[in-house]
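The values are calculated or read from the model by the stated rules, or taken from the named source; none is laboratory data. In this text the structure is predicted, and so the values were computed from the model without any measurement. Note that we place each Cβ from the backbone using ideal geometry, even for glycine, and neighbour counts take in every protein chain shown. These area figures cover heavy atoms from the full protein model, side chains too; ligands, DNA and RNA do not enter into them. Shrake-Rupley method; radii C 1.70, N 1.55, O 1.52, S 1.80 Å.
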Amino acid sequence: MAIETHDALAIAKLRRAGHAAAKTLAYVESRLRAGISTAAIDAWVREHTQRIGGKPSQLGYKGFPAAVCTSRNEVVCHGVPCHHEMVKEGDIINVDVTTELDGYHGDTSRTFTIGVSSREALHVVSVAARSLEAGINTVRAGARLGDVGAAIEALASREGCSVVREFGGHGIGRRMHMPPHVSHVGTRGTGIKLVAGMVFTIEPMVNLGSPAVHVLDDGWTVVSNDRSLSAQFEHTVLVTRNGCEVLTALEKR
Ligand code: MF3
Ligand code: CO
Ligand code: CO
């Protein structure tokens, strides 16, 4: 399938959408603490997104019932915020924000630790964060998509963790999910050639135990089969001639 490359005007809009999503995620971070419900996170995302003139892309997407995904502990991704689900001391929780601004989407997530965490929790969160960076570092015009997954897989397995295969990153632009599919495992030198102007997400899900996952009866929540801890980080990146620009980073990198 043809993969879109974006012109200067589209890139300017993608930058603003990426920045908006990053700002909302930072707002959540500033309020996140033990004792709140995941539904509160959903309310903060709705409120902040509206305040900056955007729309939560995830709300109603294929029937998704909330504005944000909140994925705690063994939840790998697509956790649905709920009034009965409390954030507790020692938890890890991924908050995944996607914002539509002026017709373009930005998508970013981070896994936060709540209070004092176990060594295992800190490890899986650190490995997920570093695997995203390893993936980002391979991106430049002329590289292959398989380079991204290969770098992520190598880092995670060196650290004794596993990488989820069933879900990946995606092209993003005027729609939240577009081609290509960005696998977080792969072989260097394989896959499509990256071209300046392509925009996609990298969002590795890293498990402490086995990589196998399944979807719960709610049709959304993805959990690790062995209920081991899972962490995820996501950025939206623009391919450039010499590397990439992280559109969802708040500070210059
Ligand atoms: N933001 C998620 C992603 O990274 C999208 C989840 S789709 C939803 O691709 F419907 F669950 F929100
Ligand atoms: Co995404
Ligand atoms: Co996302």
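Quick one: Karplus J couplings for segment 146-154, per residue in order, coefficients 6.51, -1.76, 1.60, θ = phi - 60°, nearest Hz, x for Gly and Pro?
Karplus-based 3J(HN,Hα) across segment 146-154 equals x, 5, 5, x, 4, 5, 5, 4, 4 Hz.
List the GluC sites (Glu not before Pro) in segment 161-253 that DSSP assigns to loop (not H, G, I, E or B) and whose Cβ has at most 13 other Cβ atoms within 10 Å. Which are they? Working shown, then result.
Values: sites: 166, 234, 245, 251; in loops: 166, 251.
Sparse-neighbourhood loop GluC sites (Glu not before Pro): 166, 251.
Placing +1 on the Cβ of each Lys and Arg and -1 on the Cβ of each Asp and Glu in the chain, which of 40, 173, 156 has its Cα farthest towards the positive end of the resulting dipole?
Ranked along the dipole, the leading option is 173.
Before rounding to the nearest 500, sum -39500 (n - 2.57) across all DSSP H runs of length at least 4 in the chain and divide by the residue total; then give [θ] at 222 nm in deg cm²/dmol.
Computed ellipticity for the chain at 222 nm equals -9500 deg cm²/dmol.
For residue 193 paired with residue 175, estimate the spin-label separation in nm (one decimal), with each label point 7 Å from Cα along the Cα-to-Cβ line.
The modelled label-to-label distance comes out at 2.6 nm.
With +1 assigned to the C-beta of every Lys and Arg and -1 to the C-beta of every Asp and Glu, and no other charges, what is the dipole magnitude of segment 8-246 about the Cα centre in debye, to the nearest 20?
Charge dipole, segment 8-246, about its Cα centre: 820 debye, nearest 20.
Mind running the shape call on segment 135-253? Use the C-alpha gyration tensor, a ≥ b ≥ c as the square roots of the eigenvalues: rounded below 1.5 for a/c, prolate if a/b tops b/c, oblate otherwise.
Prolate.
Roll a 1.4 Å probe over the protein chains and send me the accessible area per residue for the chain in Å². If you can, show how the numbers build up before the last one.
Numbers: 10980 Å² over 253 residues.
Solvent-accessible surface per residue comes out at 43 Å².
From the square roots a ≥ b ≥ c of the eigenvalues of the alpha-carbon gyration tensor of the chain, which class results: rounded (a/c under 1.5), prolate (a/b over b/c), or oblate? Don't skip to the end; give the middle numbers.
Working: a/c = 1.72, a/b = 1.16, b/c = 1.48.
Since a/c reaches 1.5 but b/c is at least a/b, the shape of the chain is classed as oblate.
Please list, ordered by chain and number, the residues whose modelled amide H lies under 5 Å from the amide H of residue 76; skip anything fewer than 5 residues away on the same chain.
222, 223, 224
Filter 23/55; 55/88; 13/193 down to the pairs with a C-alpha to C-alpha distance above 19 Å, please.
Checking Cα-Cα distances, 55/88; 13/193 exceed 19 Å.
Gap in Å between the Cα centre of segment 58-79 and the Cα centre of segment 174-206?
The two parts, judged by their Cα centres, are 21 Å apart.
Which residue, 78, 19, 213, has the largest displacement toward the positive end of the dipole of the chain when charges sit on each Cβ (Lys, Arg +1; Asp, Glu -1)?
Working it through, the farthest residue towards the positive pole turns out to be 19.
Quick one: which residues, 5+ away or cross-chain, put their amide H under 5 Å from the amide H of residue 187? H built at 1.01 Å from N.
Hits under the 5 Å cutoff: 150.
Could you give the length gained by full extension between residue 50 and residue 140, i.e. 0.36 nm per residue of separation minus their alpha carbon distance, to one decimal place?
Roughly 29.0 nm would be gained on extension.
Please check which bits of segment 206-243 a label hung off residue 126 would reach, taking the label as a point 7 Å along Cα-to-C-beta and the cut-off as backbone N under 17 Å.
Those under the cut-off are 206-209, 229-233.
Quick one: check the C-alpha center-to-center distance for segment 215-253 versus segment 108-166, whole angstrom.
First find each Cα centre; the distance between them is then 9 Å.
Heavy atoms only, probe 1.4 Å: what % of the accessible area of the chain goes to carbon and sulfur, would you let me know?
On the way: 5650 of 10980 Å².
Carbon and sulfur atoms account for 51 percent of the accessible area of the chain.
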